[in-house]
There are 2 protein chains.
Amino acid sequence: VSTDPAAIDAFVARILDGSVRAGARAMRLVDDREPIAGAILDRLYRHTGRARVIGITGNPGSGKSTLTDRLVAHYRRQGKRVGVVAVDPSSPFTGGAILGDRIRMNQHATDPGVFIRSLATRGNLGGLSRSTNDVVAILDAMGFDVILLETVGVGQDEVEIVKLAHTSVVVLVPGLGDDIQAIKAGILEIADVFAINKADRDGADRTIRDIRNLQMLADVAASGWTPPIVRTVATTDEGVAELVDAIAAHEAHAQDADSDAPERLRRREAHILESLIRDRLVERMAEALGDAPTRRALLERLVARETTPYAEAQRVLDGLLRG
Amino acid sequence: VSTDPAAIDAFVARILDGSVRAGARAMRLVDDREPIAGAILDRLYRHTGRARVIGITGNPGSGKSTLTDRLVAHYRRQGKRVGVVAVDPSSPFTGGAILGDRIRMNQHATDPGVFIRSLATRGNLGGLSRSTNDVVAILDAMGFDVILLETVGVGQDEVEIVKLAHTSVVVLVPGLGDDIQAIKAGILEIADVFAINKADRDGADRTIRDIRNLQMLADVAASGWTPPIVRTVATTDEGVAELVDAIAAHEAHAQDADSDAPERLRRREAHILESLIRDRLVERMAEALGDAPTRRALLERLVARETTPYAEAQRVLDGLLRG
C-alpha cells in the first residue's frame, strides 16, 4: 500500500466494501507494525462500532474452540457474517502458539461469510492486546456482524483482551481442578454468560452450584444482570442454541436503564486507547535502552551492583519524557 | 520516614541489620507508592543479590501453598532464614486476592526466621511486578537466605513475575485438565524443576511421561540442564526433601560452564529495570489522560466516533515524550 493519501483512501474503501483480500492485507500490515497501518486504522475506525464482539474465554481443554465453531455455525444460519479472532498468549518465549485446534474450523474455510484469524503473543502483553484491537477493528470495518474473540486461559492477559468484548462468555468444564479455587474471582467478574461445557460429565451440577454460590456472595443481581449459566456439549451441539439465546439476552439487556453497557462502551475505548499508548511507550523504552551491546553493558553493571535499577530507570525516564 | 538523608541512612541501616519492623515499614512505603521508597530502595539495592530466589508456580488446587509451607520448614531445618512472597494476580478488578490458604503458614508465624508477605494485584501487571521486585529486594537486603516467590496460575503475568527467580519450580498435579494441552509451552520454558504434587493420585505416571515427551521434543537437554521431575505429596511431606535437593542441584549447575545462569542474572536485572520504567510510563499516561471528567468526555467522543484512538494516542504521546 503506497503512502499516497489517494491510494490509502482506495485501499480503505475496499476494506469497507468487505474485500477479504484487502482486509487480510491490512492485518498483515498490522502484524508487521508497518507505519502506514496507523493511517489506515485511523480512517477505518470511524466506520467501526457496528459489530457485536463476543469474548469466549476458558482454560485449555474446556472445549472452547469446538464451542466457538458451533457458535459460528449458529450465527451463519441466522444469516450473520462472522469473524473469529483466536488469541493465545500462553507461550511468551517461543513467539508461537499451539493453535492446532483451529484446524477444526476448516469446515468454514470455504465460506466467505466467515473470516478466521489466529494471533499469538509477540513477546509483550501490550503488543498482543493492541494487535487484537486492530484486527477486531478491521473485521468490524469489513462489515462482519459478529466477532468471536476466543482467548486461551483466564489470566490477567485474557482479562485485558476480553475488555474488547460487548459480551463475555466464560467456558468452564465440570471437575476441572479440585475445588472452588479453580473458579477464581477474576472469572466471575468478566463473565456475562457462563457455559458449562462437557455438561454430560459428572460434576456439572456441582460446578453450577459453586458459581451460583459465588454469584450470591458477590451479590451480582444488584448490578441488574445475573450471568446465566448454560449447559453445553459442544461436540453434539447440545445447549448451543441456548447459549446463543443467553448471549442475545445480554445484548438486549444493554437497552435497559440499569445496564452497564454505556460504561462498558467507554471502558472499551479506554482499553483501545491505552493499549496504543502503552505499546508505543514500551517501544520507546526499548529504543532508549540502546543496542544490544549497550544494553548488555548496562545489565552487567547492574548485576555487579555498580549501579541500581532505580537510578538507571530515572535516567532513562529523564531522557524519554518531557519536563 | 523523614526525607532527611541521615534519617534515610539510619532507616536503611536498620533494614540491612535485619529489623523486621523496619523491613515491614519499607514494604508499606512501597505499597503506598511513597516517593521516599525509591530513595530507600536505591540504597538497599547495592546490598542485594545474596538471597536465592525460588519461584513456585502452579494452578489453584495444585497444593502449591502447602508445598511452599513444607519448603519453608526444610530450609528452616537447614538453618536458613526464609522469606515468602505470595503473589495472586488473578483478581484484577477487586483489588483483593483469595489468599486464605496463607492461614496454613501460621505455624511459622512466631518464627523470626520466616517472613511472609502477600501481594495482590493493584490493577495493572506492571505495578504488581514492580511491587514484587521491591519486596524481594527488601527481603534480600534484610538478609533472608532463601526467598520463596509463590505465584498463582501460569499465565503471562506469572511468567513475568517468575523472571525474578534464580530457580523456578512448576507445580503440576496428575489429571488436572484432560490432556497435554494443560501443560502449555510456556510452562515448559519457565520450569527449572517440576514438582508433581499429589503424586499418590492416579495419572502421575502419565503426567511425568507427558512432560518427558515435551522435554524431548523441545530438546531441553541441549541447554545443559534437563529440569528434573520430582514426585511430591505436600500434605505428608513425601518427596519434599528430594525437591529441596533438585533445587540445590539447579543452583549448583549455575557454576557449570554451560549454565545459562549469567544470562539469567542479566535478564533478572532487565526485568527489574523495565518494570520500573514501564510502571512510571503507565502512571504518566494516566496523568496525561486527565481528571475523571476530562477523561470521560474524551471517551464519549471516542464512543461517538468523533475522534479515533489512533489520533488521540498520538496527541497524548506528543505531549508526553521528548522529540
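The values are calculated or read from the model by the stated rules, or taken from the named source; none is laboratory data. These numbers come from a predicted model, not from an experiment. With ideal geometry, Cβ positions are generated from the backbone for all residues, glycine too; neighbour counts draw on all protein chains shown.
Going through the range A:219-249 one residue at a time, which ones are of a type in the set (Asp, Glu) and farther than 20 Å from residue A:189 by Cα?
A:237, A:238, A:242, A:245 - these are the residues of the range A:219-249 that are of a type in the set (Asp, Glu) and farther than 20 Å from residue A:189 by Cα.
Please indicate, with yes or no, whether at least one residue in the range A:189-204 is facing chain B (nearest Cβ under 10 Å), touching a Gly at 6+ places or on another chain (Cβ under 7 Å), assigned to a loop (DSSP other than H, G, I, E, B) and at pLDDT 85 or above.
yes
Touching a helix residue (DSSP H, G or I) at 6+ places or on another chain (Cβ under 8 Å), modelled with pLDDT under 90 and of a type outside the set (Val, Ile, Thr) - does that describe any residue in the range B:67-81?
no
Among the residues of the range B:215-269, count how many are within 14 Å of chain A (Cβ to nearest Cβ) and part of a helix (DSSP H, G or I).
15
I'm checking my understanding of the structure. Among residues of the range B:284-318 that are facing chain A (nearest Cβ under 7 Å) and of a type in the set (Gly, Ala, Ser), which one is nearest to residue A:43 (Cα to Cα)?
Applying the filter and picking the extreme gives B:311.
Evaluate the range A:250-268: report whether one residue or more is of a type in the set (A, V, I, L, M, F, W, C) and within 22 Å of residue A:187 (Cβ to Cβ).
yes
Just one of (1) crowded, with 19+ Cβ neighbours inside 10 Å; (2) of a type outside the set (A, V, I, L, M, F, W, C); (3) more than 21 Å from residue A:175 (Cβ to Cβ) trips up residue A:207, so point out which.
For residue A:207, the failing item is (3).
Which one of B:130, B:122, B:52 is within 26 Å of residue A:307 (Cβ to Cβ), basic (Lys, Arg), modelled with pLDDT under 90 and within 16 Å of the chain's Cα centre (by Cα)?
Only one candidate passes the filter, namely B:130.
So, residue A:23, is that one crowded, with 17+ Cβ neighbours inside 10 Å, under 19 Å from residue A:128 (Cα atoms) and in contact with a strand residue (DSSP E or B) (Cβ under 8 Å, 6 or more places away or on another chain) or not?
Judged against the criteria, residue A:23 is a match.
Restricting to helices (runs of 4 or more DSSP H) lying wholly in the range B:1-97: which have 1 or more residues that are facing chain A (nearest Cβ under 9 Å) and of a type in the set (Lys, Arg)?
Passing ranges, in order: B:36-45.
Taking the range A:287-310 only, how many residues are surrounded by 13 or more Cβ atoms within 10 Å (Cβ to Cβ) and assigned to a helix (DSSP H, G or I)?
Qualifying residue count for the region: 11.
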